[in-house]
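Enquirer: Submitted below is the structure of interest, expressed as structure tokens.
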């Protein structure tokens, strides 16, 4: 199973963990990354992720997030197909980077795109994408229940 996580998933474990929602999402993300590291799941990424991660102004958070990203097995390089599809996805109300992430996930034939961004999930739900966009906590619970 191919997993694509957007930028906020890589940085979530390094956010303030005082809120229950953030702590639960962080734990789910780390559990998913553990499964990817042990090759139970396949983590894929993109040039878009690499760009966003490298531009994080918080140097400590950036370095930690980039370390998590190192287990990515395959990365989409932005090309004309990805760009055109991203423009189509923007018509559903997705922000430009969100549409690029979803377009990359489609290009890599990902099974799921994980995000903690509620707006991204809502926008993607209106789109015609075959890639489901879901919160990591909810998705991980579904996976565990089906095992």
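Enquirer: Can you tell which of 68, 49, 41 is over 13 Å from the mean Cα position of the chain (by Cα), under 14 Å from residue 4 (Cα atoms), in contact (Cβ under 8 Å) with a residue 24 or more places away in the chain and surrounded by 16 or more Cβ atoms within 10 Å (Cβ to Cβ)?
Expert: Result of the check over 68, 49, 41: 41.
Enquirer: On the basis of being over 24 Å from residue 122 (Cα atoms) and modelled with pLDDT under 95, does residue 39 make the cut?
Expert: It is true that residue 39 is over 24 Å from residue 122 (Cα atoms) and modelled with pLDDT under 95.
Enquirer: Please go through the range 1-23 and pick out each residue that is surrounded by 17 or more Cβ atoms within 10 Å (Cβ to Cβ) and farther than 18 Å from residue 110 by Cβ.
Expert: Of everything in the range 1-23, those that are surrounded by 17 or more Cβ atoms within 10 Å (Cβ to Cβ) and farther than 18 Å from residue 110 by Cβ turn out to be 11, 12, 13, 14.
Enquirer: Next question, about the same structure. So, residue 110, is that one farther than 17 Å from residue 36 by Cβ and either surrounded by 15 or more Cβ atoms within 10 Å (Cβ to Cβ) or in contact (Cβ under 8 Å) with a residue 60 or more places away in the chain (or both) or not?
Expert: Taking the combined requirement at face value, the residue does not satisfy it.
Enquirer: Pairs only if they're at least six apart or on different chains, beta carbon under 9 angstrom, first in the range 83-94 and without any contact (Cβ under 8 Å) to a residue 60 or more places away in the chain and at positive phi, second in a helix (DSSP H, G or I) and crowded, with 18+ Cβ neighbours inside 10 Å; list them, first residue then second.
Expert: Partner pairs satisfying both residue conditions: 93/123.
Enquirer: If only one of 110, 129 is in contact with a strand residue (DSSP E or B) (Cβ under 6 Å, 6 or more places away or on another chain) and part of a loop (DSSP other than H, G, I, E, B), which one is it?
Expert: Within the list 110, 129, the selection yields 110.
Enquirer: Of these, 3, 78, 71, 22, which one is on the phi < 0 side of the Ramachandran plot, modelled with pLDDT of 95 or more and assigned to a helix (DSSP H, G or I)?
Expert: The match here is 22.
Enquirer: Sticking with this structure for a sec: Mind checking which residues of the range 83-105 are crowded, with 21+ Cβ neighbours inside 10 Å and not in a loop (DSSP other than H, G, I, E, B)?
Expert: Matches in the range 83-105: 86, 89, 98, 99, 100, 101, 102, 103, 104, 105.
Enquirer: Another question, then. Specify the residue that is surrounded by the most Cβ atoms within 10 Å (Cβ to Cβ); the eligible residues are those in the range 113-126 that are within 12 Å of the chain's Cα centre (by Cα) and assigned to a helix (DSSP H, G or I).
Expert: 120
Enquirer: Here's something else I'd like to know. Give the residues of the range 1-59 that are in contact with a strand residue (DSSP E or B) (Cβ under 6 Å, 6 or more places away or on another chain) and more than 14 Å from residue 76 (Cβ to Cβ), sorted by residue number.
Expert: 9, 36, 41, listed by residue number.
Enquirer: Can you spot a residue in the range 87-95 that is under 16 Å from the mean Cα position of the chain (by Cα) and closer than 29 Å to residue 16 by Cα?
Expert: Looking through the range 87-95, at least one residue is under 16 Å from the mean Cα position of the chain (by Cα) and closer than 29 Å to residue 16 by Cα.
The values are calculated or read from the model by the stated rules, or taken from the named source; none is laboratory data. Here the structure is a predicted model, which means the values were calculated and not measured. Reconstructed Cβ throughout: ideal geometry from the backbone, glycine too, with neighbour counts over all protein chains shown.
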